[in-house]
Amino acid sequence: MRDGTRVVRAGLPKAAQGEPFLPGPTFAGTYGFSGEVGTSAYTYGRYHNPTWTRYEEALGDLEGGPSLVFSSGMAAVAAVLGSVLTPGGAGSVLVMPSDGYYTARMLADGYFASLGVKVRKAPTAGNAQAAHLEGATLLWLETPSNPGLETCDLSELVEKAHSRNVLVAVDNTTATALGQQPLGLGADFSVSSDSKGLTGHSDLILGHVAAREQVWSDRLRTFRTQQGAVPGPMEVWLAHRSLATLELRIKRQCENAMSVASRLSARPEVQLVRYPGLPQDPSHGIAARQMKYYGPIVSFVLDGQEKAERFLRACNLVTTATSFGGLSSTAERRARWGGDAIPPGFIRFSAGCEDGEDLVEDITQALDTI
């Protein structure tokens, strides 16, 4: 079954006379439940919800492994780290990218390091993390990286990690499950902030983890139940509804991202353009082997903070906002947050689903102003 059909049908119940295609959200803190534990599929709202079940079945179909939904992308990250890493004593060693998502690095360097977890970091490019695997417990990867759009070879790193009994988790937020298949490339976990491209409407906060083996999915479920990082049924229902248009959205976004990256590459005001889909991009070779879609994000550098801010103010179709992957094109001067080794004029641009020609024209006129 092809992607367009899979995303439309994923997680839907068998059609029934007089019933909706996708049943509405189940709002329940508790359920009627008598008898012994295990005799009912649903007992209490922190454990399970029929709306979660349908969405998780859809995710499992797209990811290729059992999936669990969490209240946010960072809750999903914390669940993997918390389920795998053993603090104190001999402890655990986490290897992660030095240029990956800043909040994930903060969580590792702060909370988990304070518990005795050793954190080793290396850049995404050049598979640099491979040199730090000896004695490690978990290898955390992010490709393409956020916001620099560097890539690493997932198959090669998974093979090297597994040969040393190191588990592998991949933050797949930028690519989505349609753009890249971490479990299919051998990873043990595929992690995503569903707030972004997967659901694509900029109207919810959500995350999920897909696991290659059921035993790890069960441990993650226990972690979620005990930590309480559970999503609201309305958010999950919105996510499942939005999932149906993922293929349509990602195709348009990637087409627009390529058009924008190509135009930016031809402009003298732009000092650097990064997009894995560009044949000349340093990430293109690896991305072409392991990605089906190159994603909606284009990163580029203008000459300093003032020119970057002037460019953003001049855009009419591009909203200045953080996050990415939505229907509407957004951009921000990413250095305003701190924490990433990027120049002051670095802009992370997220291509939306507007008409591509309109988008390129708008960016062109905005560049003309600087």
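The values are calculated or read from the model by the stated rules, or taken from the named source; none is laboratory data. Nothing here was measured: the structure is a model prediction, and the numbers come from that model. Please note: Cβ atoms are built from the backbone with ideal geometry, for glycine as well, and neighbour counts cover all protein chains shown.
Every residue, every condition in (1) touching a Ser or Thr at 6+ places or on another chain (Cβ under 6 Å); (2) assigned by TED's automatic domain parsing to the domain that holds GLU332; (3) at positive phi; (4) small (Gly, Ala, Ser), yes or no:
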site: ALA136; (1), (2), (3), (4): no, no, no, yes
site: LEU139; (1), (2), (3), (4): no, no, no, no
site: PRO144; (1), (2), (3), (4): yes, no, no, no
site: LEU149; (1), (2), (3), (4): yes, no, yes, no
site: CYS152; (1), (2), (3), (4): yes, no, no, no
site: HIS162; (1), (2), (3), (4): no, no, no, no
site: VAL166; (1), (2), (3), (4): no, no, no, no
site: ALA169; (1), (2), (3), (4): no, no, no, yes
site: LEU178; (1), (2), (3), (4): no, no, no, no
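When you go through PHE27, PHE33 one by one, which is the residue that is in a loop (DSSP other than H, G, I, E, B) and more than 17 Å from MET234 (Cβ to Cβ)? Please lay out each step first, then the result.
Details: PHE27 fails: more than 17 Å from MET234 (Cβ to Cβ).
Checking each option against the conditions leaves just PHE33.
In a residue-by-residue description of the range 181-197, the property of being buried (at least 24 other Cβ atoms within 10 Å of the Cβ) and of a type in the set (Phe, Trp, Tyr) applies to at least one position.
Checking GLY91 against (1) at negative phi; (2) touching a strand residue (DSSP E or B) at 6+ places or on another chain (Cβ under 8 Å); (3) at pLDDT below 95, which single condition isn't satisfied? Here GLY91 clears every test but (1).
Part of a strand (DSSP E or B) and of a type outside the set (S, T, N, Q) - does that describe any residue in the range 214-230? Spell out the reasoning first.
The first filter runs over the range 214-230 and keeps only residues part of a strand (DSSP E or B), leaving none.
Within the range 214-230, not a single residue is part of a strand (DSSP E or B) and of a type outside the set (S, T, N, Q).
Taking the range 252-369 and the strands (runs of 3 or more DSSP E) fully enclosed by it, the elements with 3 or more residues that are under 22 Å from LEU198 (Cα atoms) are at 297-301, 330-333, 346-350.
Looking only at the range 150-172, filter to residues that are assigned to a loop (DSSP other than H, G, I, E, B) and out of contact with any Asp or Glu (no Cβ under 8 Å at 6 or more places or on another chain); which one of those is farthest from THR103 (Cα to Cα)?
Looking at the filtered set, the residue picked out is SER163.
Residues in the range 84-104 that are buried (at least 20 other Cβ atoms within 10 Å of the Cβ) and under 19 Å from the mean Cα position of the chain (by Cα): VAL95, MET96, PRO97, ASP99, GLY100, TYR101, ALA104. The number of residues in the range 282-313 that are of a type outside the set (D, E, K, R), surrounded by fewer than 22 Cβ atoms within 10 Å (Cβ to Cβ) and out of contact with any helix residue (DSSP H, G or I) (no Cβ under 9 Å at 6 or more places or on another chain) comes to 4.
Yes/no matrix, rows are residues, columns are (1) among the charged types (D, E, K, R); (2) without any contact (Cβ under 8 Å) to a residue 60 or more places away in the chain; (3) more than 30 Å from VAL273 (Cβ to Cβ):
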residue	(1), (2), (3)
LEU138	no, yes, yes
LEU141	no, yes, no
ASN146	no, no, no
GLU150	yes, no, no
ASN165	no, yes, yes
SER192	no, no, no
SER195	no, no, no
LEU206	no, no, yes
